[in-house]
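Right, one structure below, let's go through it.
We did not get these values from a lab; they are worked out from the coordinates using the rules stated. Everything numeric in this text was worked out from a predicted model, so none of it was measured. With ideal geometry, Cβ positions are generated from the backbone for all residues, glycine too; neighbour counts draw on all protein chains shown.
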Amino acid sequence: MLSWDWIFIFTISLNIWSAQVSSTIVYIGAYTGDGPTDSKGVYALELDETKPTLTLLRLSAVTSNPSYVLVHPSHKYLYAVSEQDNGAVVAFQIDSTVPGRLIPINQQTSAGSGPCYLSTNKAGTHVFVANYNNGTVAVLPIDQTSGGVGQYTGFDQQTGSSIDPDRQTSAHAHCILLDRTEQFALSADLGSDQIYQYKFFSNNGTLLRKTVTKAARLGDGPRHLIFNSNQNFVYLINELKSTITVFTYFPIMQPVQIISTLPQNFTGSNTAAEIIFHPKTENFLYASNRGHNSVAVFTVDSTTGYLTLIQHINVQGLTPRNFNISPSGKFLIVANQDSNNIVLFTVDQTTGKLTATGSSVPISKPTCVKYLEQ
């Protein structure tokens, strides 16, 4: 029989463990500057899911314009773009002893200008980068011992233009990511209104362009895309038209639905930004509006792929460039670029709808939200 002393110790240990798992590290990418209030690199927040609140932990690492960040599948490393004319991918080790601290490893050219998006394969052997300014995509190998990045092994120059005289005079790659089979990658090109499909060769990290699919409408401005789990559908958010296009995937990409991210009565200017599924269920999909300054919430029909709008919620700031849902699926964090704040919302697990918590953290020009899963 256990003594009361052992029961007491076990209870205390359980409470400590519970407190630890209710806290999640959140990394924030941002645009940097030289002013005293400008961001200086990647930042770390603590999400306390019991209260719930966000707290600024530290400046994780000083680096230039880490506008997009990515946590390695092993949770040991973090990668950041350096969004500048001579673009780079920067590798960091995640310090296991100091919460939120990043230790620089190395950096390599992104093979383009203005890198704005990163993704990786499940094994974490390669990182994919999209370069917005000159419309290139590249693949860089990841050293499996150090976590550092090597010189790019895969590359493609996207081409073309479309009808917007300000935004679509040349190719602007805005994302690249593998499908669920990891045999093919898709890249959305805002400048040419096209979606590029590549064959990915994991043995040598190269890309082979296979097909190019036109956006559903001229001037859409494809930005980001996601796959559903059975790969029947691709969901593409169109920055310039503030719409989501639902495509069938195999054997060919064919649009089956176009739906606005905005309320019907909205007449102001807007550009759509991020799109994600709920991490625990694909019954809900979320998209952000820069101008209307909202997150739109949709239900998803798993059979047809169709979306139905159920909510718009104000982001309590300006220009929600990026947002992400916690690994638990219970919280959504928005990065409001032009109001310099990070805002926390709860996610209803039954309806998918969002509710503001009142918790926010000031960070200058935040642009990306990524969680460190425990």
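Quick look at the numbers
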| item | result |
| --- | --- |
| Under the Karplus curve 6.51 cos²θ - 1.76 cosθ + 1.60, θ = phi - 60°, whole-Hz ³J(HN,Hα) for segment 341-354, x wherever Gly or Pro sits | 8, 10, 10, 9, 10, 8, 10, 5, 6, 8, 9, x, 6, 9 |
| Residue among T55, T145, T120 with the largest mean-square fluctuation in a Gaussian network model of the chain, springs linking Cα atoms under 10 Å | T145 |
| Packing rank of 350-359, 122-131, where each peptide gets the mean count of other beta carbons within 10 Å, highest leading | 122-131, 350-359 |
| Count of Lys pairs (Cα-Cα under 21 Å; at least 8 positions apart or interchain) in the chain | 19 |
| Distance in nm between pseudo-label sites at I103 and D34 (7 Å out along the Cβ direction from Cα) | 3.2 nm |
| Nearest-ten-degree value, helix 4-21 long axis tilted from longest Cα axis of the chain | 20 degrees |
| Shape box of segment 263-325 [Cα atoms, principal axes, largest first, Å] | 34, 25, 15 |
| Cβ-based exposure ranking for F266, F345, F92, in which fewest neighbours within 10 Å come first | F266, F345, F92 |
| Base-10 log of normalised Debye intensity for the chain (one unit scatterer per alpha-carbon) at q = 0.06, 0.12, 0.13 Å⁻¹ | -0.22, -0.88, -1.04 |
| 17 Å reach of a label modelled at T355, 7 Å along Cα-to-Cβ, counting backbone N of segment 26-66 | 49-54 |
| Gap separating the Cα centres of segment 140-200 and segment 326-374, nearest whole Å | 27 Å |
| q = 0.10, 0.14, 0.18, 0.23 Å⁻¹: log10 I(q)/I(0) that the Debye formula gives for segment 212-319, counting C-alpha atoms only | -0.25, -0.50, -0.83, -1.31 |
